[in-house]
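Bear in mind these aren't lab numbers, they're just calculated from the coordinates by the rules spelled out. Just so it is clear, the model here is predicted, and its values are computed rather than measured. Quick reminder, even Gly has a Cβ in these numbers, built from the backbone with ideal geometry, and neighbours come from all protein chains shown.
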Amino acid sequence: MKYYKHLVAGLLLLASICGACTSSSKKTANSANSSAEKQEVAALISKVNNHWQNTHPQHENSFWHRAAYHTGNMAAYEVTKNEEYLNYSKAWAEHNKWMGAQELDKAKWKYSYGESDEFVLFGDFQTCFQVYIDLYNLEKDEKKIARAQEVMLYQMSTPQNDYWWWADGLYMAMPVMTKLYKVSGNEQYLDKLYEYFAFARDLMYDSESHLFFRDAKYIYPEHTTKSGAKDFWARGNGWAFAAFAKVLEDLPQNNAHRAEYIQIYKDMAEAIKNSQQADGSWSRSMFDIEQAPGPETSGTAFFAYGFLWGVNNNIFDKADYQEVIDKSWTYLTQTALQEDGRVGYVQPIGEKAIPGQIVDANSTADFGVGAFLLAASEMWKYVD
């Protein structure tokens, strides 16, 4: 009997050891798989970003499309630690004197659409502040954020609340407010963020479809697609969806409006998920594919980024969006990404799905590359 008890105890101990070994082996295998996947994603980031920077060695102004690229470049630097990426954004910031629009006389500052230096208060000239703040956080030097603070503090001192009158503007300017709050602790940034957002929400957000019209010209039923559908532009909604991810990253957990931002973010996620195409992309007109048939990369990449960030930060349930993410990643890496590192199928600068416009493998743009880098950088984190 004693021998039997010792035998049983020995077998149980052996089983326990074997189980531990098996568990350890699985963890080691999973870790190895994750490491390999990370290396694959990092290689794709390098392929895309090296191609862009090598073919664009000269720096231009700080308008939105160039700044949007640099938001992606900074995300790429965060995960790769490639100093060339960091230096590229530093050189661009220095080229632009750490400014957006460069008019100094506040009496001349404007915020309607404009591409000249007096449009300091126009959100498309404020996107660059996101990049400058990110650079400041890596190496503190007040000159990097001095203009951003000057501009936004002045803007917040005005009685106007209609600064964000187009969907793209949510990406361009909302994260500036949370980033400046984080470096300054000034609660006014968060209060004005909500005030300006509430105007944009009431103007452009369709609470039935849970998507944003691009601006007041496209609101249903005054405007429709050719077939009579609501005209939701993919890239416009991509800007908005990505904006929520960026805002929530820096917004305090106890902010009074956090739950509302999250709810709209979640509602958008379901609407976007339901309009994904079989190849993993989204068409330019989300509810009317025939308005401008074919895949489009910038909207798809911003959507992929938004889904990935939401899962990575426990806003979305991975089980609900894993298939959407997998399909969009397949499209981005197997259709959009070209052999030489070019990101194709990017709709040119515009504000809607344009019938007859050619968007193909040769169609690329700085903001589309930035969107790809944002998505890829979140994918690097996601594979864990």
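Tabulated values for the structure
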item: Mean separation of Cα contacts under 8 Å (6+ apart) over length of the chain, as relative contact order %; result: 18
item: FRET efficiency, 1/(1 + (r/R0)^6) with R0 22 Å, evaluated for E339 and N33 via beta carbons; result: 0.25
item: Spatially proximal aspartates and glutamates relative to K217 (Cα-Cα < 16 Å; intrachain offsets below 8 disregarded); result: D162, D168, D202, D206, D231, E351
item: Semi-axis lengths (Å, descending) of the ellipsoid that matches the C-alpha gyration tensor of region 253-342; result: 26, 16, 11
item: Amide H contacts under 5 Å for L337, placed H, 5+ residues apart; result: G344
item: Loop-located GluC sites (Glu not before Pro) in region 280-350, at most 14 other Cβ atoms within 10 Å (DSSP); result: E339
item: Calculated FRET value between E78 and Q322, using beta carbons and R₀ = 35 Å, to 0.05; result: 0.90
item: Separation of the E60 and E260 label points, Cα + 7 Å toward Cβ, nm; result: 3.7
item: Equivalent ellipsoid dimensions for the chain as semi-axes, Å, which come from the Cα gyration tensor, largest first; result: 40, 25, 22
item: Within a Gaussian network of the chain (alpha carbon springs, distance under 10 Å), most fluctuating of G341, G236, G228; result: G228
item: Pairwise label distance in nanometres, N137 with A107, each label 7 Å out on the Cα-Cβ vector; result: 3.9
item: Pairs from K182/K327; K144/K182; K81/K273; K38/K327; K81/K381 whose Cα-Cα separation, in the structure shown, is over 25 Å; result: K182/K327; K81/K273
item: For region 39-139, Kirkwood radius (reciprocal of mean inverse C-alpha pair distance, Å); result: 14.3
item: Lys, Arg +1 and Asp, Glu -1 on Cβ, resulting dipole of region 40-382 about Cα centre, debye, nearest 20; result: 300
item: Integer Hz, Karplus 6.51/-1.76/1.60 couplings in order for region 39-46, x for Gly and Pro; result: 4, 5, 5, 4, 5, 5, 4, 5
item: Sorted by Cβ neighbour density within 10 Å, fewest at the top, the residues V359, V183; result: V183, V359
item: Over region 257-310, equivalent-ellipsoid semi-axes from the Cα gyration tensor in Å; result: 23, 12, 8
